[in-house]
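K.L.:
Here's a structure for you.
Coordinate-derived values only; no laboratory data. These numbers were taken from a predicted model, which means no experiment stands behind them. Here Cβ is always computed from backbone atoms with ideal geometry, including for glycine, and neighbour counts include all displayed protein chains.
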Amino acid sequence: MIDSHIHADCRPYEDFELMMLAGIESAITLAHDPMRMSTSAVVLDHFYRILENDFKRAIKNGLTLKAALGLHPRSICPDYELVLEKLPEFLDREEVVALGEVGLENASELEKKVFKAQLLMAGELGMKVAVHTPRSNKREITIETLSIIKENIETSMVVVDHVDPSIIDLVEDFEGMLGITVQPEKMTPTEAVELLDRTIEEYGAERFMLDSDISSSPSDPLSVPKTVHQMKLAGWEKAKIKMLSNDNATNFYNLKKK
Ligand SMILES: [Zn+2]
């Protein structure tokens with residue numbers, strides 16, 4: 001199994017052991033806003049912490065991490081241009097499989113500018129992009145997010161994450177991948193299976209990925225295996241379960257080649 005969206009830097013060592021015990025073999029850890037990102041140096045140190053410290057902690061438990069790095073909308077520091085200048089060097093590293101997580105939080109002009117710049121950068125570099133959708137004003141902001149994606153990058157290069165019942169209709173015709181975040185206070189494993197049951201035939205099973213988004217917010221490192229368990233109880237075919245919990249993320253992030 002793959003947990004396709006975590007924040008390893010916010011989690012204790014023991015979580016990686018738990019995830020391994022429950023059958024998660026790899027995870028993608030994404031750059032975000034773990035502290036006040038007051039300058040570019042703080043953001044870059046956050047990237048280094050992911051690549052150096054978190055990779056080591058995970059691998060000690062046998063869990064393979066890959067990273068997505070980028071400027072989260074809540075991490076846009078006053079000298080963000082310096083981060084954008086350095087970002088291609090980070091994206092070039094073998095263990096970095098995508099640019100992310102990026103997107104809009106409040107949809108300010110600055111957020112839109114930084115988001116567009118990163119989509120164009122990913123397009124030029126041929127990198128996949130992990131896009132965040134916010135908790136507040138989710139629908140309104142997702143509409144803007146999707147239109148910025150369509151204008152600035154090939155949609156097949158993008159996963160739109162934290163898709164829930166409030167925005168699922170918006171992404172039906174969007175041709176990229178869809179992340180389903182199973183997280184306390186957001187969506188339970190049973191609710192995720194219900195949402196997928198309703199949409200998977202129409203949308204295509206090959207477009208969905210499961211994740212826990214474990215961070216310092218209420219989180220469950222076993223979200224993905226618990227959702228897989230609910231799928232089994234609901235009588236889902238093995239092959240379809242494997243697509244959502246493993247194969248789609250492997251293919252999208254090219255994990256076999258990396
Ligand atoms: Zn996240």
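K.L.:
On a full-extension model of 0.36 nm per residue, what is the gain between THR155 and TYR48, subtracting their alpha-carbon distance, rounded to one decimal in nm?
P.N.:
35.6 nm
K.L.:
Neighbour counts of other C-beta atoms within 10 Å: give me THR133, THR250, THR199 arranged from fewest to most.
P.N.:
Working: THR133 25, THR250 18, THR199 21.
Ranked by crowding around the Cβ, least crowded first: THR250, THR199, THR133.
K.L.:
Can you give the relative contact order of the chain as a percent, counting alpha carbon pairs under 8 Å and 6+ residues apart?
P.N.:
Worked out over the chain, it gives 20 percent.
K.L.:
Using Cα pairs closer than 8 Å and at least 6 residues apart in sequence, work out the relative contact order for the range 107-183, in percent.
P.N.:
30 percent
K.L.:
Counting only other residues whose beta carbon sits under 13 Å from that of ASP164, what net charge do I get with K and R as +1, D and E as -1?
P.N.:
-2
K.L.:
Select from MET187, LEU120, ALA58 the residue farthest towards the positive end of the dipole of the chain; place +1 on Cβ of Lys and Arg, -1 on Cβ of Asp and Glu, and compute about the Cα centre.
P.N.:
ALA58
K.L.:
Give, rounded to the nearest 20 debye, the magnitude of the charge dipole that the range 2-252 has about its Cα centre when Lys and Arg contribute +1 at Cβ and Asp and Glu contribute -1 at Cβ. Present the calculation step by step, with values, prior to reporting the outcome.
P.N.:
Numbers: 26 positive and 44 negative charges, 87 e Å.
The calculation lands at about 420 debye.
K.L.:
Run the numbers for GLU14 and LYS242: contour at 0.36 nm per residue of separation, minus the present Cα-Cα distance, in nm.
P.N.:
Length gained between GLU14 and LYS242: 79.5 nm.
K.L.:
For MET1, what charge total do you get from the other residues with a beta carbon under 10 Å from its beta carbon, if Lys and Arg give +1 and Asp and Glu give -1?
P.N.:
-1
K.L.:
Still on this structure, please answer the following. Evaluate Rg over Rh across the range 13-105, taking Cα atoms for both radii and Kirkwood's formula for Rh.
P.N.:
Using Cα coordinates only, the ratio equals 1.00.
K.L.:
Restricting to bridges with both residues inside the chain, how much of the DSSP beta-bridge set is antiparallel, in percent to the nearest 5? Let's see the in-between values first.
P.N.:
Numbers: 1 of 25 bridges.
The answer is about 5 percent antiparallel.
K.L.:
Continuing with the same structure: Do any trypsin sites (Lys or Arg not before Pro) in the range 1-103 lie in a DSSP loop with no more than 14 other beta carbon atoms within 10 Å, and if so, which? Walk me through the numbers before you get to the answer.
P.N.:
Numbers: sites: ARG36, ARG49, LYS56, ARG57, LYS60, LYS66, ARG74, LYS86, ARG93; in loops: ARG36, ARG93.
Those satisfying the criteria are ARG36, ARG93.
K.L.:
Same structure, new question: Among LEU30, LEU71, LEU18, whose mean-square fluctuation peaks in a Gaussian network model of the chain (Cα, cutoff 10 Å)?
P.N.:
Maximum fluctuation in the GNM of the chain, among the listed residues, is at LEU18.
K.L.:
What's the FRET efficiency of GLU201 with ARG36 using the Cβ-Cβ distance as r and R₀ = 35 Å, to the nearest 0.05?
P.N.:
Calculated value: 0.20.
K.L.:
Taking 30 Å as R0, compute the FRET efficiency from the Cβ-Cβ separation of GLU85 and ASN61 and round it to 0.05.
P.N.:
0.30
K.L.:
Find the relative contact order for the range 1-152 and round it to a whole percent, using C-alpha pairs within less than 8 Å whose residues are 6+ positions apart.
P.N.:
20 percent
K.L.:
Using only the alpha-carbon atoms, what does the range 2-252 span along each of its principal axes? Please give whole angstrom values in decreasing order.
P.N.:
51, 41, 31
K.L.:
Give me the net charge for the shell around ALA67: Cβ to Cβ below 9 angstrom, other residues only, Lys and Arg +1, Asp and Glu -1.
P.N.:
Local charge sum for ALA67: 0.
K.L.:
May I pose another question? Once you order the gyration tensor axes a ≥ b ≥ c over the Cα atoms, which shape class does the range 124-243 get: rounded for a/c under 1.5, otherwise prolate or oblate by comparing a/b with b/c?
P.N.:
The shape class here is prolate.
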